[in-house]
Amino acid sequence: MATQGSLIGLAKRKAPLAPSARRTWQEELDRVPSLSNREFDVFRLLGDGESNRSIASRLAVTERTVKAHVAQILTKLRVESRLQAGLVSYAWIETLRTTM
């Protein structure tokens with residue numbers, strides 16, 4: 001079993017990632033334009049790490065509606081989880097920041 005100290009040492013190591021460990025999300029980013037305007041609003045908030053409750057409050061909709069939008073986003077982007085959708089959103093936001 002690894003000790004806490006050995007895990008911290010491993011986390012601090014600056015070894016580059018193997019090419020297979022890098023992920024650009026390019027295929028998923030190419031699918032972002034397929035989102036509806038409201039799905040896109042939810043997508044952006046997922047990238048900010050917002051909860052369903054927070055998204056519902058900010059967009060003045062129910063949590064059930066947000067869950068439906070998240071399900072559509074997962075389908076359209078062809079990702080398996082809300083976390084992956086959030087990572088794609090974050091990558092999309094970062095792409096915009098670097099091109100501006």
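The values are calculated or read from the model by the stated rules, or taken from the named source; none is laboratory data. Here the structure is a predicted model, which means the values were calculated and not measured. As a convention, Cβ positions derive from the backbone with ideal geometry for all residues, glycine included, and neighbour counts pool all protein chains shown.
Apart from one condition, ALA56 fits all of (1) over 24 Å from GLU27 (Cβ atoms); (2) surrounded by fewer than 16 Cβ atoms within 10 Å (Cβ to Cβ); the exception is (2).
Here LEU17 meets the list (1) at pLDDT below 90; (2) part of a helix (DSSP H, G or I) almost entirely, failing just condition (2). The set of residues in the range 66-83 that are within 17 Å of ASP30 (Cβ to Cβ), touching a helix residue (DSSP H, G or I) at 6+ places or on another chain (Cβ under 9 Å) and without any contact (Cβ under 8 Å) to a residue 12 or more places away in the chain contains only LEU74.
Do we have any residue at all in the range 64-71 that's surrounded by 13 or more Cβ atoms within 10 Å (Cβ to Cβ) and at pLDDT below 95? No, because not a single residue in the range 64-71 is surrounded by 13 or more Cβ atoms within 10 Å (Cβ to Cβ) and at pLDDT below 95.
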